[in-house]
Amino acid sequence: EQNIAIAIDGPAAAGKSTVAKIVAETLSYIYIDTGAMYRAVTLTALKHKVDLDDEEAILDLLLHTEIELTQKEKKQIVLLDGFDVTNDIRTLQVTNNVSYVAKLPGVRKEMVKRQQALANNRGVVMDGRDIGTHVLPNAEVKIFLIASVEERAKRRYDENTQRGIESNMEVLKEEIEKRDLIDSKREASPLVKAEDGIELDTTSLSIKEVVERILTIVYKYV
Ligand code: C5P
């Protein structure tokens, strides 16, 4: 049996982390949420009141910041210099600013380096925007998850409701579209399907169905 690398990319709120986690658990692989890393550096930048286009200052912050992705009682947690920021990186403020930080080429270079080190050995499921194109270009399986913006906004809405957060469907749609636009239009490793990636439209699929389709592809390799 062989351990492989699985890259899961796609636009915001397409369900990447949900299915990536299940796929990783099923295979006993490690799961790496690269979006959490960009969110963590954005949180630090906001806390330090650094201009989000001041690449030098943000890179300096990042180089002095340790970001750890780990597990506690089976839950994914994110540590920033040892402090648990799992919830803090999901606030609206971070969500609506992360794409400005993620477009800085120097920040991406450092992140890609860290992500490649984390995935050093195979047996990894990594989700993000540029995993199949830049972080793990040799990944055996590359999935590009998409869904209509209406469906993605609805999923985010339901998720918020479950967490007791009130939200507005139209506003959610706009926020998702804006983030996708910045992520797709940036110069440095934009959001795009890898040439050898497999596009999977999840608009009318359940989580279980998406996981099954990915595992069917994976089982051709392992
Ligand atoms: O995956 P998530 O929605 O948490 O990612 C947050 C943001 O981080 C994205 O909108 C994008 O700007 C950035 N990101 C990225 N490259 C990745 C993962 C995330 O640019 N590999």
Task: Selection from the stretch 1-20 of residues that are open to solvent by 10 Å² or more (accessible area, probe 1.4 Å), more than 8 Å from the ligand (Cβ to nearest atom) and farther than 17 Å from A139 by Cα - done: P11, G15, T18
Open item on the list: With the condition being within 13 Å of the chain's Cα centre (by Cα) and modelled with pLDDT of 95 or more, I'd like the strands (runs of 3 or more DSSP E) fully within the stretch 1-97 carrying at least 2 qualifying residues.
Closed with: 5-9, 30-33
TODO: Take K154 and decide whether it is farther than 22 Å from I67 by Cβ, under 15 Å from the mean Cα position of the chain (by Cα) and at pLDDT 95 or above.
DONE: no
- [ ] Report, by residue number, each residue of the stretch 170-195 that is part of a helix (DSSP H, G or I) and within 19 Å of L136 (Cα to Cα).
- [x] D183, S184
- [ ] Report yes if some residue within the stretch 89-105 is over 17 Å from G35 (Cβ atoms) and within 13 Å of the ligand (Cβ to nearest atom); otherwise report no.
- [x] yes
TODO: Give the residues of the stretch 106-134 that are assigned to a helix (DSSP H, G or I), open to solvent by 40 Å² or more (accessible area, probe 1.4 Å), more than 11 Å from the ligand (Cβ to nearest atom) and not charged (D, E, K, R), sorted by residue number.
DONE: Q116, A117, L118
TODO: Within the stretch 38-46, identify whether any single residue is in contact with a Lys or Arg (Cβ under 8 Å, 6 or more places away or on another chain), closer than 24 Å to I8 by Cβ and either of a type outside the set (A, V, I, L, M) or open to solvent by less than 10 Å² (accessible area, probe 1.4 Å) (or both), and answer yes or no.
DONE: yes
- [ ] Taking V222 as the residue in question, decide whether it is assigned to a helix (DSSP H, G or I) and more than 16 Å from the ligand (Cβ to nearest atom).
- [x] no
TODO: Would you mind finding the one in K173, K154, K178, K185 that is open to solvent by 90 Å² or more (accessible area, probe 1.4 Å) and more than 14 Å from the ligand (Cβ to nearest atom)?
DONE: K154
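The values are calculated or read from the model by the stated rules, or taken from the named source; none is laboratory data. Keep in mind that what you see is a predicted model, and the values were worked out from it rather than measured. Counting neighbours? That spans all protein chains shown, and the Cβs are built from the backbone with ideal geometry, glycine included. Side chains are part of the model used for accessible areas, which takes the heavy atoms of the whole protein and leaves out ligands, DNA and RNA. Shrake-Rupley method; radii C 1.70, N 1.55, O 1.52, S 1.80 Å.
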